[in-house]
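Data block below; observations after.
The values are calculated or read from the model by the stated rules, or taken from the named source; none is laboratory data. Please read these numbers as outputs of a predicted model, since none were measured by experiment. Glycine also receives a Cβ, built like all others from the backbone with ideal geometry; neighbour counts cover every protein chain displayed. When the accessible area is computed, the model is the full protein with side chains, heavy atoms only, and any ligands, DNA or RNA have been set aside. Shrake-Rupley method; radii C 1.70, N 1.55, O 1.52, S 1.80 Å.
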Amino acid sequence: MGIEKFLFRCAREASYYTLEPERLERLYKLSSSFVDSGYKGVSDTEYYTILEQHFYLSILTERDNDAKLALQRIVDKFGSEGSRVSILRGVYAQATFTPDKFTEFVKKESRDGDLATLEFVSFKTDGKWTEYTARLVELLDKDPTSGETWAELGEIYAIAGNFSEAIKAFSQVLVVYPYAYNIFARIGELLHSQATTVKDGIQVSMDQMSESVANFCRSVELCPSYIRGWAGIYVVCTKLLQWPKLAEQELYKKLQEKAKAKLEALAKKGNARNPEVAAALEILK
Amino acid sequence: MASSRARDLQTLLADNQMAVPDLFLDPDLRTWVLAPILVVMILVGLTRHYITVSSRPSPPLLKGKDKRQQAYLRYSSLLLKHSFNLSEYQFNSTVQALVPKFRGGEYLANPDSKPASGMPDLSDPSSLEGVTKMARTQIVNIVPQAILMSWVSSFFGGLVVLKLPFPLTWRFKEMLQSGIQTADLDVRWVSSISWYILLLMGLSSVYALLLGGNNSASQQQQQQQQLFGAPGVDFKKLFSAEADSMELATHKSVLRGVQSRVLEP
């Protein structure tokens, strides 16, 4: 695989968001050797995708001049008007300008709220939860197909302890990404938390618990090696089985056994330093 | 002696029987007719490519309201496609919240716009722009063709420029010898105007080699684009159709029976 194919794959996966610093640095060096070589034996789509990635890599590794150069090349090609380009410009401004100047920049340059996201993420770090939630809801009213925004809203509701709203938000993520097994597990966790806090009587709690098990089951149906899902099944089934009036004792008993067996097998296969494996071992004790 | 003379006679006869070319082409024809037409045609194609590339308008930017309109259409289709992930209550409440808004046209970018008719409306500046663009591309296509054609026929009319290395049937005579009225000339001879027409048809692979596959040096693809310009879409109708299909949708949760599915070996 050529270097350009590798870089293009990295850019498509957006792996630079999650890389640790040393690997980020290495990816940056690779990317800059490609971009500086001036080699254009790739299609325009690939070249500019790699250049966009190079911009983010430069920003993340604090090389403002490189970022400026990459941004300039992108602006030369696409103009400075489009929403994707204005987000790049916003990111550059955010990284290099003073906060006051940045606010000014957003006011001047933002069209249809392109840059609004960049601006209001600071509400989260500042702890202005109400404003932050309001802006998220506003964003979702503009574009309900943004699964990431729904997930963020769900997390905020979960932190606030508003589980039913959080579950609703995460369900909307599933409308956009129907096979997101981690979201199913997250909904299962939230239903479990809701069941443990709810004051509506034990029957409601039990219903929520079994719904939670169903969600965990769906997540392991989609991804059979998902430790979080199996752990959820195990924990919630154990709790359900403590209730003597449970309707389907047999089913939950079987589920609990299967989850236990699966967790043991996965823990044996996995690395003990992996936090998920460690958590599985903790649960099994 | 006698036998060698007979052999000479035989070879002479054989030479006579072989097809002797009935015409000899002046080598100057190659340098001053064949090559110039070829070079000029290629250069015209390249120029046309670069003119269309540089005069191509950038795609229009979607305004916030247009984006919102698109997003809601996409959302309703996603909702219908993946409704199995929602619980029945969630699905119904989402649909009940959306349907009146879809019918009321809350998400329309231009709620007051009239439904578009088939023909472009000349009083509307945006469609007028499309018409002028069409006319411009037509001109870019037709003008150089007309000029080249008259150039070839006035300067090189009536010339025979090359001989094809393979035989052809008489049917090809009209195609290969336009501009020459010689009834019994062999079909393999090609006239200058026919050479021009052959190049007009056959240069696209040369352009593909020089400019890459997706070029606008030859005119065919452009005409297709003109024919299928953006038709008027009636978003009001689209939204009410989506509302209808949301109301009619049946719901079945994927979580039903998932426990036993997981337990299956």
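Quick check, is A:Lys124 open to solvent by 40 Å² or more (accessible area, probe 1.4 Å) and within 14 Å of another protein chain (Cβ to nearest Cβ)?
no
Does A:Ser58 fit the bill of being touching an Asp or Glu at 6+ places or on another chain (Cβ under 6 Å) and either within 14 Å of chain B (Cβ to nearest Cβ) or not in a helix (DSSP H, G or I) (or both)?
Criteria not met by A:Ser58.
Each row is one residue, and each column tells you yes or no for (1) under 24 Å from the mean Cα position of the chain (by Cα); (2) open to solvent by 30 Å² or more (accessible area, probe 1.4 Å); (3) not hydrophobic (A, V, I, L, M, F, W, C).
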residue	(1), (2), (3)
A:Leu19	yes, yes, no
A:Arg23	yes, yes, yes
A:Ser37	no, yes, yes
A:Val42	no, no, no
A:Lys68	no, yes, yes
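Suppose we filter the range A:116-135 for residues that are at positive phi and β-branched (Val, Ile, Thr); how many remain?
Residues meeting the conditions: 0.
Output yes when any residue across the range A:85-104 is open to solvent by 40 Å² or more (accessible area, probe 1.4 Å), within 14 Å of chain B (Cβ to nearest Cβ) and of a type in the set (Asp, Glu), and no when none is.
Scanning the range A:85-104 turns up no residue that is open to solvent by 40 Å² or more (accessible area, probe 1.4 Å), within 14 Å of chain B (Cβ to nearest Cβ) and of a type in the set (Asp, Glu).
Could you identify the single residue in A:Lys268, A:Lys260 that is open to solvent by 60 Å² or more (accessible area, probe 1.4 Å) and touching a residue at least 24 places away in the same chain (Cβ under 8 Å)?
A:Lys260
Return yes when A:Ile183 is under 24 Å from the mean Cα position of the chain (by Cα), open to solvent by less than 10 Å² (accessible area, probe 1.4 Å) and modelled with pLDDT of 90 or more and no when it is not.
For A:Ile183, the condition - under 24 Å from the mean Cα position of the chain (by Cα), open to solvent by less than 10 Å² (accessible area, probe 1.4 Å) and modelled with pLDDT of 90 or more - is not met.
Please work out which residue is farthest from B:Leu34 (Cα to Cα), limiting yourself to the range B:148-197 and to residues that are open to solvent by 50 Å² or more (accessible area, probe 1.4 Å) and among the β-branched types (Val, Ile, Thr).
Selected residue: B:Thr169.
Residues are listed down the side, and each one gets a yes or a no for (1) at pLDDT below 90; (2) in the same structural domain as A:Leu174 (by TED's automatic domain parsing); (3) under 19 Å from B:Gln70 (Cα atoms):
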{"residue": "A:Leu115", "(1), (2), (3)": "yes, yes, no"}
{"residue": "A:Phe120", "(1), (2), (3)": "yes, yes, no"}
{"residue": "A:Lys124", "(1), (2), (3)": "yes, yes, no"}
{"residue": "A:Lys128", "(1), (2), (3)": "yes, yes, no"}
{"residue": "A:Thr133", "(1), (2), (3)": "no, yes, no"}
{"residue": "A:Leu139", "(1), (2), (3)": "yes, yes, yes"}
{"residue": "A:Lys142", "(1), (2), (3)": "yes, yes, yes"}
{"residue": "A:Gly147", "(1), (2), (3)": "no, yes, yes"}
{"residue": "A:Gly154", "(1), (2), (3)": "no, yes, no"}
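Kindly indicate which of A:Gly188, A:Gly154 is more than 13 Å from chain B (Cβ to nearest Cβ), assigned to a helix (DSSP H, G or I) and either aromatic (Phe, Trp, Tyr) or surrounded by 17 or more Cβ atoms within 10 Å (Cβ to Cβ) (or both).
A:Gly154
What are the residue pairs meeting all of these: first residue in the range A:219-243, first residue in the same structural domain as A:Ala185 (by TED's automatic domain parsing) and charged (D, E, K, R), second residue open to solvent by less than 10 Å² (accessible area, probe 1.4 Å) and at pLDDT 90 or above, Cβ atoms under 6 Å, and 6 or more apart or on different chains?
A:Arg228/A:Ala185
Might you check whether a residue that is of a type in the set (Ser, Thr, Tyr), at the interface with another protein chain (Cβ under 8 Å from one of its Cβ atoms) and either open to solvent by 50 Å² or more (accessible area, probe 1.4 Å) or on the phi > 0 side of the Ramachandran plot (or both) occurs anywhere in the range B:57-71?
For the range B:57-71, residues of a type in the set (Ser, Thr, Tyr), at the interface with another protein chain (Cβ under 8 Å from one of its Cβ atoms) and either open to solvent by 50 Å² or more (accessible area, probe 1.4 Å) or on the phi > 0 side of the Ramachandran plot (or both): present.
I'm checking my understanding of the structure. Among residues of the range B:241-265 that are assigned to a helix (DSSP H, G or I), touching a residue at least 24 places away in the same chain (Cβ under 8 Å) and within 14 Å of chain A (Cβ to nearest Cβ), which one is nearest to B:Phe102 (Cα to Cα)?
Top of the filtered list is B:Glu242.
Test each condition in (1) surrounded by 13 or more Cβ atoms within 10 Å (Cβ to Cβ); (2) more than 14 Å from chain B (Cβ to nearest Cβ) for A:Ala14 and report the one that comes out false.
Condition (1) is where A:Ala14 drops out.
Considering each residue of the range A:223-247, count those that are more than 19 Å from A:Leu190 (Cα to Cα) and either assigned to a helix (DSSP H, G or I) or within 11 Å of another protein chain (Cβ to nearest Cβ) (or both), and give that number.
2
Of everything in the range A:74-110, what is assigned by TED's automatic domain parsing to the domain that holds A:Tyr16 and under 22 Å from A:Ser15 (Cβ atoms)? Give them in sequence order.
Within the range A:74-110, A:Ile74 is the sole residue that qualifies.
Given the criterion part of a helix (DSSP H, G or I), of a type in the set (S, T, N, Q) and out of contact with any Lys or Arg (no Cβ under 8 Å at 6 or more places or on another chain), identify the matching residue among A:Ser86, A:Ser122.
A:Ser122
What pairs come up if the first residue lies in the range B:77-100 and is touching a residue at least 40 places away in the same chain (Cβ under 8 Å) and more than 11 Å from chain A (Cβ to nearest Cβ), the second is open to solvent by less than 60 Å² (accessible area, probe 1.4 Å) and outside any helix (DSSP H, G or I), and their beta carbons are under 8 Å apart, counting only those six or more places apart or on different chains?
From the range B:77-100, the pairs are B:Glu88/B:His251; B:Glu88/B:Ser253; B:Asn92/B:His251; B:Val95/B:Ala249.
Filter the range A:199-216 for residues that are open to solvent by less than 40 Å² (accessible area, probe 1.4 Å) and not small (Gly, Ala, Ser) and give the result.
Of everything in the range A:199-216, those that are open to solvent by less than 40 Å² (accessible area, probe 1.4 Å) and not small (Gly, Ala, Ser) turn out to be A:Met206, A:Gln208, A:Met209, A:Val213, A:Asn215, A:Phe216.
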